[in-house]
Structure formats: C-alpha cells, structure tokens
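> Here it is: the structure, laid out below.
Every read-out reported here was derived from the displayed coordinates using simple, explicitly stated rules and does not represent laboratory data. Since the structure is predicted, the reported quantities are computational estimates derived from the model, not experimental observations. We place every Cβ from the backbone using ideal geometry, glycine too, and count neighbours over all the protein chains shown.
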Amino acid sequence: MLLIKCPYCGERDQSEFTNGGEAHVTRPKNPEQVTDREWAEYVFIRSNPKGIYYERWVHSHGCKKWFNAVRNTSTDEILLTYKIGETPPPIKKFQNTLKSPSGEPDVGSGNFTVKKP
Amino acid sequence: MWRSPEPRKFYDIIIVGGGGHGLGTAYYLAKEHGLKNIAVIEKGWLGSGNTGRNTTIIRSNYLWDESAHLYDHSLKLWENLSTELNYNVMFSQRGVLNLAHNEHDIKEIKRRVSANQLNGIDSHWADPKEIKKLVPIMNINNCRYPVLGASFQPRGGVARHDAVAWGYAMRADELGVDVIQNCEVKKIRTKNGKVYGVETTKGIIRAKRVGVVASGHTGVLAETAGVRLPLQSKPLQALVSEPIKPVINTVVMSNAVHAYVSQSDKGELVIGAGTDGYNSFTQRGGYNIIEDTIRSIVELYPIFGKMKMLRQWGGIVDICPDASPIISKCDVEGLYFNCGWGTGGFKATPGSANLFAHTIAKDKAHSINAPFSLERFVSGRLVDEHGAAAVAH
C-alpha cells in the first residue's frame with residue numbers, strides 16, 4: 001500500500017486516492033483533420049513504461065482534487081507530486097534504476113530475491 | 001526433459017517468452033506447420049511468469065461470438081491436451097460457477113448464458129438451490145451481497161499450470177526447438193521496417209520472424225521496436241491457504257464482490273483477487289486488494305474464517321482497453337504479438353498458442369483470431385468482454 005502526498009492535503013493513505021492513468025495526454029487540436037489511426041492513438045494507446053511514469057491521481061476521499069505524480073513503476077516509489085497545470089519536471093531529473101527495459105530493479109520487485117545481479 | 005542449448009546465431013523463428021503460450025506456439029509451429037530452426041527465449045525459468053502465477057481456471061463462457069469461438073477452441077484443445085503431449089496436465093473438468101449478486105448481475109449473466117448456448121457452449125443458469133447443492137459451504141442469503149443465481153459451465157475446470165509449460169517444452173524440444181532459459185531479451189532490432197533479430201543477455205540473435213508473448217512486459221519490448229500497443233500493465237494477485245480436506249469440488253467466481261476460489265489437489269484453497277488500480281511492474285501488488293478479497297471470501301464461506309494463508313504473490317498482466325487479447329501482425333514485417341490476455345490468459349493457453357503459430361507460419365491470421373488484430377483499435381470494432389473477463393479492471 002502506498003503513502004501518497006496530495007499537493008493540497010499532505011501525505012495520506014492510498015485508500016483515499018484513485019488512479020487516473022497517464023498524465024499530460026492532450027486531445028488533438030484539429031479533430032476534423034485527424035485520421036482514424038491518430039484517433040486510435042489518442043483514445044486507446046497510453047504509455048506503459050517500466051520505470052519513470054507521469055500519472056494522474058484524484059484525492060477521492062479527501063479534497064477531491066486531481067493532481068499529477070511521477071512514479072517508478074518498477075518499484076512503485078513515488079518521486080514527486082505536483083498540481084495540475086504545473087510544468088511536468090523533465091524525466092532526466094529522475095534516475096532510472098533499471099539495467100534493461102524488461103530487467104528487474106535492485107530492490108522493489110517480487111523477483112529480486114531470486115535474481116542474481 | 002528438455003535440452004539447454006546455447007543459442008545459435010540465427011533462427012528462422014524466435015519466440016520471446018517461455019510460458020505456456022510461448023512454448024505452445026513453438027510446439028505447434030514445429031508440429032502442425034512442419035517448421036524447423038525455432039527458438040524460445042525466456043528471461044527466467046520456464047513458466048516463471050504468469051504461467052506459474054495464475055489461479056488455473058479454465059472456461060469458455062464469453063459473451064461475443066468472436067471470444068466464444070476463441071476460448072472454446074482452446075477448451076477443446078485442453079480436453080485432449082494430456083493425450084496430445086503424452087504428459088498429464090491434470091485437466092480437471094469440475095465446472096465453473098460465476099455468481100450473480102444483484103439485479104444487474106442476473107440480467108448480464110442470463111444474457112451471457114443465452115449467448116453461450118447459441119454458440120454451442122455448455123453454460124446454463126443455476127438457481128440458488130442448485131448452487132447450494134453444488135457448494136454446500138456457501139453462505140448464499142445471510143450476507144451483504146446475497147447469491148441470487150449463477151452461470152454454470154460443467155466443461156470448465158482447472159489444470160496443473162507447470163505441467164502445461166513442461167509438457168509443451170518437452171514435446172517442442174523433441175521436435176528440435178531450442179528452449180533457451182535465463183536469457184533476457186533486451187531489445188527487438190529492426191532494419192528498414194523489417195525485423196532483424198533480438199538483443200539478449202547472451203548477445204545478438206538474428207531471426208527472420210519474431211513472436212512476442214511476454215505478457216506484462218510485451219508492451220515494454222514492443223516499444224524497443226517502435227511499436228506502441230494499447231496495453232496497460234498491472235499486478236494481479238492471488239494467494240493459497242494451508243491444505244485442508246476436500247470442501248469444494250468446483251470453481252466459484254464472483255465478479256461483483258471480487259473473489260474466486262477453487263481447491264487444489266493438494267488441498268490448498270487457491271484464491272484470486274482483482275488487479276491493483278495503477279500501472280506497476282512489481283510482482284506483489286497492494287495489501288488493500290488482498291484485504292478486500294479475503295473479506296468477501298469469509299463472507300461467502302464463513303467456514304474459511306479461521307484458516308491460515310500460506311503464500312501471496314502478484315503477476316504482471318497486460319490489459320487491453322476492451323479486455324480482449326491481441327494475436328496479430330504489426331507494421332514491422334516479421335514481428336508478431338500475442339498479448340493483452342489480461343487477467344484470464346491461462347485458460348486460453350493451447351488455443352492462443354495454436355492460433356499464434358498459425359499466424360506466424362502463414363503470415364496471416366487464422367479466421368478465429370482475425371477479429372483480435374491490432375487493426376480493431378483503428379476501425380473501432382472492439383470485442384468488449386469486461387463482463388465475461390470476471391476480474392474487475
């Protein structure tokens with residue numbers, strides 16, 4: 001279970017929050033000119049990285065406000081939370097601990113006890 | 001058993017992922033399509049991913065014609081799999097119940113039962129009396145969400161998950177397939193829009209065709225070839241209890257209160273939970289999900305109240321927006337994907353492997369898996385199976 005820092009209320013238990021998927025997905029600006037393939041990209045396809053990930057959360061059982069977070073999906077470590085409308089921090093700011101795209105991190109995964117470095 | 005060969009420099013076909021689906025694909029490629037020079041590359045040991053982490057439930061009571069054909073194709077292969085592989089996969093057709101707890105459930109399940117019957121699938125509506133007879137230990141009316149009925153598929157059941165991987169591995173190996181374990185594929189290499197090979201921890205291996213069946217990590221690998229798939233990876237948890245005497249001889253699933261249970265041959269209760277509410281690659285999941293599941297289990301089966309749980313774990317499942325799989329070619333020539341099985345891939349193992357082998361061998365989808373192409377997200381012809389998927393996500 002995660003401890004999440006709401007930018008408005010401070011640190012609260014995960015049970016108060018709901019995840020809202022990838023952050024900073026923008027709707028096409030000129031919908032009448034967008035092809036079916038581009039619509040498919042916008043409607044169905046989301047990033048799914050193993051590592052640093054920008055995502056949205058809502059403090060459903062609290063202030064009910066939406067905010068963004070940067071999380072490492074290979075360890076579930078939340079690196080930063082920030083308000084909607086704020087500029088997302090550059091991804092290079094965060095160090096990805098993964099050795100390969102599908103590899104396991106040093107700590108934090110169910111497999112780490114059986115994986116030799 | 002199987003050999004543990006060092007990888008060659010070149011293969012005609014490489015399958016990435018040594019679970020049931022991947023090993024099965026290699027087996028059918030060699031057996032049914034007579035192809036040679038095939039390798040299966042697995043980053044851990046065989047069946048160390050979701051093949052060894054699921055709750056082994058097998059059924060085919062899906063709503064839409066496309067899914068019904070796909071999952072029933074698989075169920076028919078299950079019925080003959082031990083003979084086919086000459087290895088006991090312990091397929092036990094003990095029946096599967098899907099419970100209804102409210103008016104909406106009743107309508108949805110009755111609709112699905114009717115659809116199943118039109119597709120020749122042996123599903124029927126069971127009233128509370130029949131359920132109580134099948135599962136005497138179930139508390140059907142003295143609880144927050146009473147049991148109002150269920151769908152019952154007698155041909156459904158469970159199988160031994162490891163045996164499926166081992167059986168396919170042995171027979172594929174006999175047909176000359178190289179099964180390479182402890183070798184992680186890091187990157188899929190492409191050249192001029194065609195697949196070139198894979199970069200692994202044992203070096204670069206060239207291939208004419210590459211099939212990726214890496215469940216939760218399929219999306220991550222696809223990205224290395226510049227292909228974006230409509231997948232989201234989440235942990236799906238399960239747990240087993242201490243072994244007890246036989247108390248439940250069927251499989252019971254409940255979508256609404258989110259708990260499902262069966263009893264293994266060793267006597268352990270095998271309990272499945274829902275997916276966690278956020279993308280993650282940690283093979284453990286959050287404790288709140290387990291708490292919810294256990295609460296429902298104890299309410300439905302008060303007799304389990306004082307039992308101890310032995311183990312809990314998570315597997316990373318890749319979920320599609322319409323809760324249906326993808327067995328498809330893509331824009332890169334010679335690159336194929338078999339993914340998006342989400343929370344219910346084990347039941348499809350033989351069927352999925354069989355159809356994926358066909359797709360790779362002929363470079364063209366079989367009529368059964370043609371509706372499950374990547375193209376459906378562009379055309380909008382989705383196969384929405386959120387109701388039949390039985391796990392909330």
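> So what is the relative contact order of segment A:3-94, in percent, for Cα pairs below 8 Å that sit 6 or more residues apart?
Working: 132 pairs, mean separation 24.8, N = 92.
Reported as a whole number, the value is 27 percent.
> Hey, how many Å between the Cα centroid of segment B:1-79 and the Cα centroid of segment B:148-222?
Here the two parts' Cα centres lie 6 Å apart.
> For chain B, modelled as a GNM with alpha-carbon contacts under 10 angstrom, which of B:Lys362, B:Lys129, B:Lys306 fluctuates the most?
Between B:Lys362, B:Lys129, B:Lys306, it is B:Lys306 that shows the largest mean-square fluctuation.
> Using the Cα centre of segment B:7-99 as the reference point, and only Cβ charges (+1 on K/R, -1 on D/E), how large is the resulting charge dipole? Debye, rounded to the nearest 20. Intermediate values should be presented prior to the final figure.
On the way: 9 positive and 8 negative charges, 85 e Å.
About 400 debye.
> Anyone know which of B:Ser280, B:Ser379, B:Ser241 comes out most mobile in the 10 Å Cα GNM of chain B?
Among B:Ser280, B:Ser379, B:Ser241, the largest GNM mean-square fluctuation belongs to B:Ser379.
> Among A:Glu32, B:Glu79, which comes first, second and so on when ranked by fewest other beta-carbon atoms within 10 Å? Provide the component values of the computation, followed by the final result.
Numbers: A:Glu32 5, B:Glu79 15.
Taking fewest neighbouring Cβ atoms as first place, the list is A:Glu32, B:Glu79.
> Let me ask another. How do B:Trp313, B:Trp166, B:Trp78, B:Trp45 rank when sorted from fewest to most other Cβ atoms within 10 Å of their own Cβ? Please report the intermediate quantities before stating the final value.
Numbers: B:Trp313 16, B:Trp166 20, B:Trp78 24, B:Trp45 13.
The fewest-first ordering by Cβ neighbours comes to B:Trp45, B:Trp313, B:Trp166, B:Trp78.
> How many lysine pairs in segment A:3-94, separated by 8 or more positions in sequence or lying on different chains, have Cα atoms less than 26 Å apart?
Summing the qualifying lysine pairs gives 16.
> In addition: I'm a student and want to see the number: the projected area of the Cα convex hull of the protein assembly as shown, averaged over all directions, in nm². Don't skip to the answer; put the middle values down first.
Details: hull surface 96.7 nm².
The Cα convex hull of the protein assembly as shown, projected and averaged over all directions, gives 24.2 nm².
> Arrange A:Arg27, B:Arg228, B:Arg206 by Cβ neighbour counts within 10 Å, fewest through most, would you?
Details: A:Arg27 8, B:Arg228 17, B:Arg206 14.
In increasing order of surrounding Cβ atoms, one gets A:Arg27, B:Arg206, B:Arg228.
> Can you spot the aspartates and glutamates whose alpha carbon is less than 16 Å from B:Lys208's alpha carbon? Ignore those fewer than 8 places along the same chain.
The reachable aspartates and glutamates, counting only those whose Cα sits under 16 Å from B:Lys208, are B:Asp12, B:Asp178, B:Glu199, B:Asp331, B:Glu333, B:Asp363.
> Still on this structure, please answer the following. Using Cα positions and a limit of under 29 Å, work out the lysines in reach of B:Lys133, with same-chain residues fewer than 8 apart set aside.
B:Lys76, B:Lys107, B:Lys110, B:Lys245, B:Lys266, B:Lys306, B:Lys308, B:Lys347
> Compute the projected area of the convex hull of the Cα atoms of segment A:3-94, averaged over all viewing directions, and report it in nm² to one decimal place.
Working: hull surface 27.8 nm².
So the Cα hull casts an average projection of 7.0 nm².
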